[in-house]
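Take a look at the structure below.
Derivation of every value follows stated rules applied to the coordinates shown; laboratory data play no part. Here the structure is a predicted model, which means the values were calculated and not measured. Glycine gets a Cβ as well: all are built from the backbone with ideal geometry, and neighbour counts include every protein chain shown.
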Amino acid sequence: MMEGVDKSFGAVVFVGYHAKAGTPNAILEHTSTGNVVDFSINGVSLPEAGYNALVAGLYDVPVVFAGKGLASLAVLLALELVLVPLTLIFFDATDTVSLGALALVLLLHTVGLAELGTLFGAVASRLGRGEALLAILLLPAATPLLLSAVQCTKGALAGDPLSENARWMLVTAGCDVLYFLVALLVFESVLEEG
């Protein structure tokens, strides 16, 4: 998958990578093709993303792991596309809602939750504590985002213009940027620890 990479590349982006062979509860888990059960270097078992990153490293090309975050974002947005219209219909809120404002509110808050979920999911999986640890870590970090989501959604459902919740939207945008920058700074060390 890394054929053609050389020093002229600014970065490579890995999108949509699957779990390595033998990963419990994974969908389509495998390593390369054929009967490869494990690929290890110096006793460290690597997925395909791992050894593709090593190839990129030979040429000093940085790797951007975007697959899990983008996949989380896509799943959350798909759920919202189904659940939000149903909720508006069931609660008879279609008369007052500002659809444009609601869409922007949902998008900004969903991006933040996807970023946090991806980062803390990586941390929890490296520590081997699973979903319980993820919930314990995620809730305090997501609290500003959740408070903002409640306030902004209330305004959008009431038909208020976004300007009435501008401070909350700034909190959301700030959280999104902060979570993204923290993920960029610590993601590599999270993957290397242990």
The exposure ranking of 176, 92, 160, fewest beta-carbon neighbours within 10 Å first, is 92, 160, 176
Where only alpha carbons of region 71-174 are counted, the Rg and the Dmax (Å): 15.1, 48
In whole µm²/s, the translational diffusion coefficient that Stokes-Einstein assigns to region 72-115, given a Kirkwood hydrodynamic radius over C-alpha pairs, 10 °C and 1.306 mPa s, equals 145
Can you check what the net charge comes to around residue 36, using other residues whose Cβ is under 14 Å from the Cβ of residue 36 (Lys, Arg +1; Asp, Glu -1)? -2
Inverting the mean 1/r over all pairs of different Cα atoms, compute the Kirkwood radius of region 39-115 and quote it in Å. 15.8
